[in-house]
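Participant: The structure under discussion is supplied below as structure tokens; questions concerning it will follow.
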Amino acid sequence: MTSIRNHNRKYFSFVVIHSLLLLMVWLLFPTLALSSETSLLADSGNVKQVERGKKIYMRFCSLCHGRNLEGQPEWHKPKPDGKMPAPPHDETGHTWHHADIVLFNITKYGLIPPHAPEGYQSDMPAWKDTLKDEDIWAVLAFIKSRWPKEHLEFQQKVNENYKLF
């Protein structure tokens with residue numbers, strides 16, 4: 001139980017500090033923004049990109065995140081080794097709460113700062129040496145293609161409001 005409390009406390013502290021840092025940088029550099037080109041790199045309406053992303057997802061991601069994007073059981077609770085299970089990428093998870101560039105960076109570089117607390121232990125590998133950038137964008141397009149319309153609309157607003165990368 002103490003382990004869960006410590007994990008929750010660390011995660012909460014990370015979120016608060018990360019949010020304050022993002023706010024501070026945004027206030028100091030409000031002109032830094034994603035280009036419209038970047039926000040369209042994971043296009044759930046692009047049939048070719050989605051099909052390509054599905055193949056890549058099934059080969060590299062489905063083992064942990066599930067063939068139906070369902071994630072691992074009890075994904076919101078630490079495993080006995082203290083690591084978090086793979087979250088779902090469907091509408092039951094939190095993937096759609098994040099900007100495309102955040103999802104891209106987590107996939108490419110793993111769960112490292114600024115997207116996880118310093119020293120965070122995870123089974124999520126960094127895919128930078130295995131997948132090309134366009135492969136990662138295709139996987140994200142596939143994942144997004146499975147979300148309900150209201151989740152896509154919410155996530156699009158997140159992309160529009162996300163000013164930093």
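The values are calculated or read from the model by the stated rules, or taken from the named source; none is laboratory data. Please read these numbers as outputs of a predicted model, since none were measured by experiment. Note: ideal-geometry Cβ built from the backbone for every residue, glycine included; neighbour counts use all protein chains shown.
Participant: Which of the residues spanning the stretch 116-165 are in a helix (DSSP H, G or I), surrounded by 19 or more Cβ atoms within 10 Å (Cβ to Cβ) and aromatic (Phe, Trp, Tyr)?
Facilitator: Trp137, Phe142
Participant: Which ones in the stretch 42-101 are in contact with a Ser or Thr (Cβ under 9 Å, 6 or more places away or on another chain), farther than 19 Å from Asp135 by Cβ and among the charged types (D, E, K, R)?
Facilitator: Glu70, Lys83
Participant: Across the stretch 73-110, which residue is farthest from Leu41 (Cα to Cα) among those that are free of Cβ contacts under 8 Å to residues at least 24 places away in the same chain and part of a helix (DSSP H, G or I)?
Facilitator: Tyr109
Participant: If a residue must be in contact (Cβ under 8 Å) with a residue 40 or more places away in the chain and in a loop (DSSP other than H, G, I, E, B), how many such residues does the stretch 57-72 contain?
Facilitator: 2
Participant: Moving on. Those residues that are surrounded by 17 or more Cβ atoms within 10 Å (Cβ to Cβ), outside any loop (DSSP other than H, G, I, E, B) and modelled with pLDDT of 95 or more, I need them from the stretch 36-56; list them, please.
Facilitator: Correct list: Gln49, Val50, Arg52, Gly53, Lys54, Ile56.
Participant: Which residues, counting only those in the stretch 70-101, are on the phi > 0 side of the Ramachandran plot and in contact with a Pro (Cβ under 6 Å, 6 or more places away or on another chain)?
Facilitator: Residue satisfying the conditions is Gly71 alone.
Participant: Also, quick follow-up: Would a scan of the stretch 79-94 turn up a residue that is surrounded by fewer than 18 Cβ atoms within 10 Å (Cβ to Cβ) and within 9 Å of the chain's Cα centre (by Cα)?
Facilitator: Yes.
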